[in-house]
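Please read the structure below before turning to the comments.
The values are calculated or read from the model by the stated rules, or taken from the named source; none is laboratory data. Quick caveat: nothing in here was measured; it's all calculated off a predicted structure. We place every Cβ from the backbone using ideal geometry, glycine too, and count neighbours over all the protein chains shown.
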């Protein structure tokens, strides 16, 4: 179940929308953002024409649209797929992994499978694709849509993600971007142009963002395959860190960021708090509400918002404590804030595995 706090914020926005640009939108705009309701405005871009067509046919929100296209840092740089759908180094590395062996085993089946099945196997290159010789550029797309600013930038295109990010160097602040989510690689060289986590981290910190969440995905090699985490071949329960999902946002309370973020309005800050909640870091949202309580009070009931965030932090109680009661329990240093000594109970491990199977998208949010 998605957290209640983003909807709480969406219902209280007066003049602003929550604008989302999703580059690599196969599977659709994440449901957590639909909590903004009529205040949501989203644009999804994907190289799979068939997937964009399917998403458009099922879309009911009037301000959510999809564009079938490859994305490049330059309109004059066609996408070269001759060596595979990802960067050469990643292609070489992933061929060593067990999920690629499973892809080989299922190759004949996948060629005849539905678009949805191909995408579940991350075989998007087997779907009907847009023209790689006619890529679009993010800045051109924004100008075409009349977007002078937006809030959330997500990039996951299995290839030139870092180049796309760099195409907006020096512009993220002017565009009002609050948060960036993108796939990162934990393999690569020390080249400053490689699409690696260390290069991404350096770039985004230079642009005024800080890391708030990092999900690491491990992959086993085909030499000794481990069990898959999900019902489809992808990450495994053991193996080396290969890829992950990185979540960056503006830390408006950090001393070294305060001057740069001083101009952010209260609705912009409210959207930032909603992003933190959607990322399952409600503590960051609560910290923001408390630090700017007088400003937020003109927009929303701060105590009601804190109660929702406290409920999210408690995860699953049917009758969650209020924020005040929850903090009182913490200050009393009660045992409930600690895991019991000894091995993790089997029932707890089974519950976690079952939840992951039935709610796979919760892996990201």
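Does the stretch 160-181 include one or more residues that are out of contact with any helix residue (DSSP H, G or I) (no Cβ under 7 Å at 6 or more places or on another chain), part of a loop (DSSP other than H, G, I, E, B), within 26 Å of residue 91 (Cα to Cα) and in contact (Cβ under 8 Å) with a residue 40 or more places away in the chain?
There is at least one residue in the stretch 160-181 that is out of contact with any helix residue (DSSP H, G or I) (no Cβ under 7 Å at 6 or more places or on another chain), part of a loop (DSSP other than H, G, I, E, B), within 26 Å of residue 91 (Cα to Cα) and in contact (Cβ under 8 Å) with a residue 40 or more places away in the chain.
Mind counting the residues in the stretch 147-156 that are in a loop (DSSP other than H, G, I, E, B) and either touching a helix residue (DSSP H, G or I) at 6+ places or on another chain (Cβ under 7 Å) or free of Cβ contacts under 8 Å to residues at least 40 places away in the same chain (or both)?
Of the residues in the stretch 147-156, 2 are in a loop (DSSP other than H, G, I, E, B) and either touching a helix residue (DSSP H, G or I) at 6+ places or on another chain (Cβ under 7 Å) or free of Cβ contacts under 8 Å to residues at least 40 places away in the same chain (or both).
For residue 322, indicate whether it is without any contact (Cβ under 8 Å) to a residue 12 or more places away in the chain and either surrounded by fewer than 19 Cβ atoms within 10 Å (Cβ to Cβ) or at positive phi (or both).
When the stated conditions are applied, residue 322 does not pass them.
Would you check if residue 211 is more than 17 Å from residue 98 (Cα to Cα), assigned to a strand (DSSP E or B) and touching a helix residue (DSSP H, G or I) at 6+ places or on another chain (Cβ under 9 Å)?
The answer is yes for residue 211.
May I ask you to list the residues in the stretch 123-146 that are buried (at least 17 other Cβ atoms within 10 Å of the Cβ), touching a residue at least 60 places away in the same chain (Cβ under 8 Å) and assigned to a loop (DSSP other than H, G, I, E, B)?
Listed by number, the residues that qualify are 127, 130, 135, 137.
Against the condition surrounded by 18 or more Cβ atoms within 10 Å (Cβ to Cβ), on the phi > 0 side of the Ramachandran plot, in contact with a helix residue (DSSP H, G or I) (Cβ under 9 Å, 6 or more places away or on another chain) and touching a residue at least 12 places away in the same chain (Cβ under 8 Å), how does residue 194 come out, does it pass?
Against the criterion (surrounded by 18 or more Cβ atoms within 10 Å (Cβ to Cβ), on the phi > 0 side of the Ramachandran plot, in contact with a helix residue (DSSP H, G or I) (Cβ under 9 Å, 6 or more places away or on another chain) and touching a residue at least 12 places away in the same chain (Cβ under 8 Å)), residue 194 does not qualify.
Among the numbered criteria (1) modelled with pLDDT of 90 or more; (2) out of contact with any helix residue (DSSP H, G or I) (no Cβ under 6 Å at 6 or more places or on another chain), which one does residue 82 miss?
For residue 82, the failing item is (1).
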